[in-house]
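The values are calculated or read from the model by the stated rules, or taken from the named source; none is laboratory data. Here the structure is a predicted model, which means the values were calculated and not measured. For neighbour counting, all protein chains shown are included, and Cβ atoms are generated from backbone atoms with ideal geometry for every residue, glycine included. These accessible areas exclude ligands, DNA and RNA; they are computed on the full protein's heavy atoms, side chains included. Shrake-Rupley method; radii C 1.70, N 1.55, O 1.52, S 1.80 Å.
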Amino acid sequence: MDTIQVALGERSYPIHIGPGLIGDQELLRHSIPATQVLIVTNEVVAPLYLNAFEDALSAKQQHSLVLPDGESEKTLASLAKILDKLVEQGFHRDAYLVALGGGVIGDLTGFAAASYQRGIKFAQIPTTLLAQVDSSVGGKTAVNHPKAKNMIGAFHQPSCVLADTNTLKTLPTREFSAGLAEVIKHGLILDSTFFNWLENNIKEVLTQDSSALTHIVSRSCEIKADIVSKDEFEQGARALLNLGHTFGHALESLMGYGEWLHGEAVSIGINLAAETSRELGMIKTDDCERIRSLLKQAGLPVRDSKIEPDALLKLMRMDKKANTSGIRMVLLEDLGNAVVVSSPDERVIKKIIQTQSIDSSV
Ligand SMILES: NC(=O)c1ccc[n+]([C@@H]2O[C@H](COP(=O)([O-])OP(=O)(O)OC[C@H]3O[C@@H](n4cnc5c(N)ncnc54)[C@H](O)[C@@H]3O)[C@@H](O)[C@H]2O)c1
Ligand SMILES: [Zn+2]
């Protein structure tokens with residue numbers, strides 16, 4: 001088992017990573033020291049892991065809430081269901097919430113923990129690769145507004161994260177690849193050695209070799225934890241984690257949520273950000289090819305021929321990170337070295353979107 005510490009003063013917490021953590025009684029007792037525990041999960045994850053987790057945890061007053069599956073459930077109505085259960089069962093301030101599932105369950109449960117009695121403790125037990133390498137770390141919690149994703153939420157750090165890499169065995173291949181987009185992103189923004197490692201070990205990763213999985217989750221969490229501890233509330237460095245996301249979010253919104261998984265849209269966005277960086281004289285053609293090749297080997301798309309450049313640009317201007325002076329996006333100075341660029345030349349971006357959408361050789 002690997003352990004990484006997120007250093008945030010009195011809000012610091014450990015991330016434990018490895019196979020079999022869900023059934024580790026000793027670790028659970030130590031990590032979730034409460035008499036009242038509400039486990040929030042969904043209809044897909046519950047039949048796979050809830051019983052084993054409940055048996056191993058065995059808190060005095062232990063309840064579970066099994067919600068329907070899907071992003072469409074990340075709503076105020078689901079939040080109300082969790083809060084209702086906490087009130088009905090007479091949960092106190094020293095109770096724990098546990099998020100057992102992917103990013104949807106994690107974001108929703110985290111927000112419930114942030115708001116119940118103005119904040120109670122919660123543990124993240126992420127069961128998708130995306131949740132293990134990204135959403136369970138850093139304390140961003142949210143639900144969706146019917147018209148805007150993640151629009152209602154709070155910063156609320158978990159008390160611990162337990163990433164059981166065995167749970168990834170039941171994850172659909174497409175979801176696993178989507179998580180790899182964020183892993184590759186972590187290498188690209190801060191760690192060229194990790195990017196090289198991924199190029200050399202992508203087969204072991206795809207066949208889910210146990211030590212390869214522990215390594216990618218650990219290194220991703222280390223990189224994210226390091227950025228979060230420097231910039232918890234996203235005033236500066238944390239923005240680097242948005243590589244590929246200005247394009248990606250616009251693409252998700254343009255195509256309608258459900259066409260591409262988030263990680264797939266990010267993968268297309270990383271390719272567009274890399275090409276924009278090259279066009280602006282920052283990285284080399286060869287670097288772009290290495291990035292595309294790794295994304296494709298990871299089972300990810302790198303282009304979408306249905307993109308309408310002006311429509312995508314319009315949505316990019318509306319991105320939460322944009323401001324009155326224009327688009328802000330993350331570009332690459334080098335592999336392993338990302339920078340935030342304000343108001344990049346939109347003609348360049350448009351040209352890249354156009355060429356990357358038509359060029360079927362990429
Ligand atoms: N808080 C953050 O910092 C942050 C960062 C990135 C993404 N997010 C959020 O995360 C969400 C996406 O997370 P996600 O990709 O994990 O989606 P998800 O939670 O919908 O999980 C994807 C699918 O996999 C299923 N699943 C989960 N674990 C499984 C397992 N072990 N085996 C089989 N199936 C399993 C889920 O039920 C679901 O159908 C979005 O809502 C996004 O906004 C948050
Ligand atoms: Zn993302």
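Observations on the structure shown:
- Inside segment 64-106, residues that are open to solvent by 30 Å² or more (accessible area, probe 1.4 Å) and of a type in the set (S, T, Y) make up a count of 3.
- Scanning segment 315-358 for residues that are modelled with pLDDT of 95 or more, in contact with an Asp or Glu (Cβ under 7 Å, 6 or more places away or on another chain) and among the small types (G, A, S) yields a total of 1.
- Options R292, R278, R238: the member that is within 16 Å of ligand 1 (Cβ to nearest atom) and not aromatic (F, W, Y): R238
- Selection over segment 38-56 of residues that are aliphatic (A, V, I, L, M) and outside any helix (DSSP H, G or I) gives a count of 4.
- For E232: the one exception among (1) part of a loop (DSSP other than H, G, I, E, B); (2) open to solvent by 30 Å² or more (accessible area, probe 1.4 Å); (3) over 17 Å from T128 (Cβ atoms): (2)
- Residues of segment 166-185 satisfying the condition of being open to solvent by 50 Å² or more (accessible area, probe 1.4 Å), more than 6 Å from ligand 1 (Cβ to nearest atom) and touching a Leu at 6+ places or on another chain (Cβ under 7 Å): R174
- Among the candidates I105, I120, residue that is within 11 Å of ligand 1 (Cβ to nearest atom) and among the hydrophobic types (A, V, I, L, M, F, W, C): I105
- Residue among G106, G70, G101 that alone is within 16 Å of ligand 2 (Cβ to nearest atom) and touching a residue at least 12 places away in the same chain (Cβ under 8 Å): G106
- Within segment 1-21, tally of residues that are within 26 Å of Y116 (Cα to Cα) and crowded, with 22+ Cβ neighbours inside 10 Å: 2
- So V348, is it open to solvent by less than 30 Å² (accessible area, probe 1.4 Å), among the hydrophobic types (A, V, I, L, M, F, W, C) and within 27 Å of L198 (Cβ to Cβ): no
- Considering segment 138-165, the residues that are modelled with pLDDT of 95 or more, aliphatic (A, V, I, L, M) and open to solvent by less than 40 Å² (accessible area, probe 1.4 Å) include one that is nearest to ligand 2 (Cβ to nearest atom), namely A142.
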